[in-house]
Amino acid sequence: MTQPPAHTTPEPTANVPGPRLRGNPVGVASLIAGVLLVLAIIAEQTVMLFLPVALAELSFPYRSVPYLISLPPPILATIATALGIVGLLLRDRTRVAAIIGTTLGVSHLIVGMAGVLSSALFLSATPW
């Protein structure tokens with residue numbers, strides 16, 4: 001029987017620590033804007049549900065109020081998208097928060113644009 005040599009070189013392992021990634025405050029800001037966007041959408045839909053009744057009791061015209069209520073979500077979506085893109089472009093930073101914030105912002109912008117385009121198509125096809 002032969003015995004293995006007493007001095008062997010260790011096998012390379014996959015758990016070699018690499019450069020440590022730093023935090024990404026811009027990505028976290030994007031994530032916070034994305035979460036605020038979701039909360040603003042929930043609040044907008046809740047207010048829109050009760051808005052006709054509240055405005056009827058106050059005898060206030062209904063025409064301009066929905067536009068004012070629907071302003072914060074697109075602004076927050078643009079902020080979340082811009083901060084997320086900046087957070088993704090930073091080197092040696094974690095990207096999870098930036099990815100989530102960017103996804104929330106871009107998805108809301110796409111859905112909003114689809115809603116605007118479908119409304120425009122519907123109104124252009126409607127005979128007056």
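Structure data summary
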read-out: Qualifying position, being in contact with an Asp or Glu (Cβ under 7 Å, 6 or more places away or on another chain), among the hydrophobic types (A, V, I, L, M, F, W, C), closer than 20 Å to residue 37 by Cα and touching a residue at least 12 places away in the same chain (Cβ under 8 Å), among 79, 99, 69; value: 69
read-out: For residue 127: the one exception among (1) open to solvent by 80 Å² or more (accessible area, probe 1.4 Å); (2) part of a helix (DSSP H, G or I); value: (2)
read-out: Pairs, first farther than 27 Å from residue 94 by Cα in the stretch 27-50, second surrounded by fewer than 17 Cβ atoms within 10 Å (Cβ to Cβ), C-beta under 7 Å, six or more apart; value: 44/69; 44/70; 47/69; 48/66; 48/69
read-out: Residue in the stretch 64-95 that is most open to solvent (accessible area, probe 1.4 Å), counting only those that are in a loop (DSSP other than H, G, I, E, B) and farther than 17 Å from residue 21 by Cα; value: 71
read-out: Search result, residues across the stretch 24-60 that are polar (S, T, N, Q), farther than 16 Å from residue 78 by Cβ and open to solvent by less than 50 Å² (accessible area, probe 1.4 Å); value: 24
read-out: Flag for residue 43 being touching a Leu at 6+ places or on another chain (Cβ under 9 Å) and among the small types (Gly, Ala, Ser); value: no
read-out: Residue list for the stretch 65-92, filter: in contact with a helix residue (DSSP H, G or I) (Cβ under 7 Å, 6 or more places away or on another chain) and more than 21 Å from residue 116 (Cα to Cα); value: 83, 84, 85, 86, 87, 88, 90
read-out: Positions within the stretch 96-124 being open to solvent by 80 Å² or more (accessible area, probe 1.4 Å) and over 20 Å from residue 28 (Cβ atoms), in sequence order; value: 110, 111, 113, 116, 117, 121, 122, 123, 124
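The values are calculated or read from the model by the stated rules, or taken from the named source; none is laboratory data. Keep in mind that this is a model prediction, so the values were computed, not measured. All Cβ positions, glycine included, derive from the backbone under ideal geometry; neighbour counts span all protein chains shown. Accessible surface areas use protein heavy atoms only, side chains included; no ligands, DNA or RNA. Shrake-Rupley method; radii C 1.70, N 1.55, O 1.52, S 1.80 Å.
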